[in-house]
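Engineer: Can you keep this structure in mind? I'll have questions shortly.
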Amino acid sequence: MTTSEIKSRLIAAGLRPNKLLGQHFLIDQNVLKKIVAQADVKPSETILEIGPGLGILTFDLAKRAKRVMAVEKDRQMFEVLEKEIRQRGVKNIELVRDDILRLAEKFFRDIREYRVIANIPYYLTSRLIRKLLAEVSPPQEIILMVQKEVAERMMARPPQMNLLALSVQAYGRPKKLFSVSRESFWPPPLIDSALISISAISKNFFTHHHIPEKKFFEIARRAFQTKRKTILNGLAQFSSKQKLEKLLRDVGIDPNRRPETLSLLDWIAIVSQLEKGD
C-alpha cells in the first residue's frame, strides 16, 4: 500500500496517524515481501498479529495462514479494518478490539499453537515481548518489527546486558533478520527499525534449573533498577550485605561487578543461592 493509498483511506475514514499509539504505516512493498518471506507461514498455522492498523500485513498473512487473530486497540482503526475485511470477504481473519497487554490468559490458551508476526507500535515493545514470553501458553515464535536500538539491546551480551536481553534470552533465541529504513514508513519514525525473531521459546530454562520465574525476574529487576550500581548493592533488599558478599564470592562473582556484566549462568547461580537462603 502506497503513501497516497494510505492517506486516501485515512481521509475517507476521517482519521490521521495517532502519535500516542505509535502508528507508522509500512509503505515499502519490498520490505513487506521480505517480512512475509522470512515468516514462511504454513497453511496449517494460526498467526497472532498485534496492531494490524489498515491491514497492510494482515491480508498477506491471511492468504497463507489457516487463521489470523488480529488485535487492534484503536476503535476507529478497528472499524476501518473490519469494514475492509467484510468487503473483501476474507473469512480467516478474526479481528479483536482490545489492548494486547490487558488480554486475559484464557485468550492465549484458546489460540493454542500459534506464532506472533507483527509490525507493532514501538511504545509497547518491551512490555509486549515480556508478556508474550511469560504467558502460560506462549507463542512458538515471535517475529516483530522493532526499533533498531531495541533489537540491539535484545541481543546484548555481557558486559552490555540489560533486563530486556535477560528476559528474552531466558525464554528463547533472539535474532536480527534485517534492518529497515525509517523511510519505509509513513509517517517516518525518528529512528530506523529492524525485523527480529525470537525462536525456540520455552520455559525450560526455569524448570531445568529449578528457578521460579517470578523470583528470577524480581531479583534481576531489582538489580538493574539503578544504573551503575554494583550487584552487591543492587541485591541489598534480599539479604544482609555480609551474607550477600559471601554468597557472591561462593559462586565466583566479584561483589563489585555491575549487573550488565553478568551472564545468564551467573544469574542462575545467584538466584539459586538466594532461593536456598530462603
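The values are calculated or read from the model by the stated rules, or taken from the named source; none is laboratory data. Predicted model only: the values in this text are computed from it and were never measured. As a convention, Cβ positions derive from the backbone with ideal geometry for all residues, glycine included, and neighbour counts pool all protein chains shown.
Engineer: Which is under 17 Å from the mean Cα position of the chain (by Cα) and either at positive phi or at pLDDT below 90 (or both), of ALA194, ALA200?
Structural biologist: Of ALA194, ALA200, the one residue that is under 17 Å from the mean Cα position of the chain (by Cα) and either at positive phi or at pLDDT below 90 (or both) is ALA200.
Engineer: Can you find a residue that is under 14 Å from the mean Cα position of the chain (by Cα), surrounded by 16 or more Cβ atoms within 10 Å (Cβ to Cβ), touching a residue at least 12 places away in the same chain (Cβ under 8 Å) and outside the structural domain of ASP266 (by TED's automatic domain parsing) anywhere in the stretch 175-187?
Structural biologist: No.
Engineer: Also, quick follow-up: Quick one: which helices (runs of 4 or more DSSP H) lie wholly within the stretch 1-69 and hold at least 2 residues that are in the same structural domain as ARG97 (by TED's automatic domain parsing) and over 25 Å from SER199 (Cβ atoms)?
Structural biologist: Working: elements: 3-12, 29-39, 58-64.
Correct list: 3-12.
Condition check ((1) farther than 19 Å from THR125 by Cβ; (2) crowded, with 20+ Cβ neighbours inside 10 Å; (3) in contact (Cβ under 8 Å) with a residue 40 or more places away in the chain) across all residues:
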position: ASN30; (1), (2), (3): yes, no, no
position: LYS34; (1), (2), (3): yes, no, yes
position: ALA37; (1), (2), (3): yes, no, no
position: ASP40; (1), (2), (3): yes, no, no
position: PHE59; (1), (2), (3): yes, no, no
position: ARG64; (1), (2), (3): yes, no, no
position: ALA70; (1), (2), (3): no, yes, no
position: PHE78; (1), (2), (3): yes, no, no
position: LYS83; (1), (2), (3): yes, no, no
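Engineer: Which residues, counting only those in the stretch 200-245, are polar (S, T, N, Q), assigned to a helix (DSSP H, G or I) and within 30 Å of GLU113 (Cα to Cα)? Write out each step before concluding.
Structural biologist: First, pick out the residues of the stretch 200-245 that are polar (S, T, N, Q): 202, 204, 207, 225-226, 230, 233, 237, 239-240, 242.
When the remaining residues are screened for being assigned to a helix (DSSP H, G or I), the result is 204, 207, 233, 237, 242.
Selection gives ASN204, THR207.
Engineer: Answer yes if at least one residue in the stretch 125-147 is in a helix (DSSP H, G or I), in contact with a Gly (Cβ under 8 Å, 6 or more places away or on another chain) and of a type outside the set (S, T, N, Q), and no otherwise. Outline the logic, then answer.
Structural biologist: If we filter the stretch 125-147 for residues that are in a helix (DSSP H, G or I), which is where we start, we get 125-134.
Imposing the further condition that a residue be in contact with a Gly (Cβ under 8 Å, 6 or more places away or on another chain) reduces the set to 133.
From what's left, of a type outside the set (S, T, N, Q): 133.
Yes, there is a match, as at least one residue in the stretch 125-147 is in a helix (DSSP H, G or I), in contact with a Gly (Cβ under 8 Å, 6 or more places away or on another chain) and of a type outside the set (S, T, N, Q).
Engineer: On to the next question. May I ask you to list the residues in the stretch 248-265 that are in contact (Cβ under 8 Å) with a residue 12 or more places away in the chain, part of a helix (DSSP H, G or I) and farther than 17 Å from HIS210 by Cβ? Steps first, please.
Structural biologist: Our first condition is that a residue be in contact (Cβ under 8 Å) with a residue 12 or more places away in the chain; within the stretch 248-265, this holds for 248, 250-253, 255-264.
Still in the list and also part of a helix (DSSP H, G or I): 248, 250, 259-261, 264.
Matches in the stretch 248-265: LEU248, ASP250, PRO259, GLU260, THR261.
Engineer: Test of understanding: among VAL96, VAL90, which residue is assigned by TED's automatic domain parsing to the domain that holds PRO17, touching an Asp or Glu at 6+ places or on another chain (Cβ under 9 Å) and not in a strand (DSSP E or B)?
Structural biologist: The unique qualifying residue is VAL90.
Engineer: Kindly indicate which of VAL168, VAL271 is part of a helix (DSSP H, G or I) and either within 24 Å of the chain's Cα centre (by Cα) or under 30 Å from ILE27 (Cβ atoms) (or both).
Structural biologist: Every option except VAL168 fails the conditions.
Engineer: Collect the residues in the stretch 173-198 that are in contact with a His (Cβ under 8 Å, 6 or more places away or on another chain) and closer than 15 Å to ALA118 by Cα, keeping them in residue-number order.
Structural biologist: PHE185, the sole residue that qualifies.
Engineer: Follow-up question, since we're still on this one. Take GLU82 and decide whether it is acidic (Asp, Glu) and within 23 Å of ILE6 (Cα to Cα). I'd like the intermediate steps shown before the answer.
Structural biologist: Working: acidic (Asp, Glu): yes; within 23 Å of ILE6 (Cα to Cα): yes.
In short, yes.
Engineer: Could you say whether any residue in the stretch 224-246 is surrounded by 14 or more Cβ atoms within 10 Å (Cβ to Cβ) and under 16 Å from VAL168 (Cβ atoms)?
Structural biologist: Checked the stretch 224-246: at least one residue is surrounded by 14 or more Cβ atoms within 10 Å (Cβ to Cβ) and under 16 Å from VAL168 (Cβ atoms).
Engineer: Now for a separate question. Does the stretch 102-111 contain any residue that is crowded, with 19+ Cβ neighbours inside 10 Å and closer than 21 Å to LEU21 by Cα?
Structural biologist: No, there is no match, as no residue in the stretch 102-111 is crowded, with 19+ Cβ neighbours inside 10 Å and closer than 21 Å to LEU21 by Cα.
Engineer: Collect the residues in the stretch 171-194 that are outside any loop (DSSP other than H, G, I, E, B) and either β-branched (Val, Ile, Thr) or over 19 Å from ARG157 (Cα atoms) (or both), keeping them in residue-number order.
Structural biologist: PHE178, SER179, VAL180, ARG182, GLU183, SER184, PHE185, TRP186, SER193 - these are the residues of the stretch 171-194 that are outside any loop (DSSP other than H, G, I, E, B) and either β-branched (Val, Ile, Thr) or over 19 Å from ARG157 (Cα atoms) (or both).
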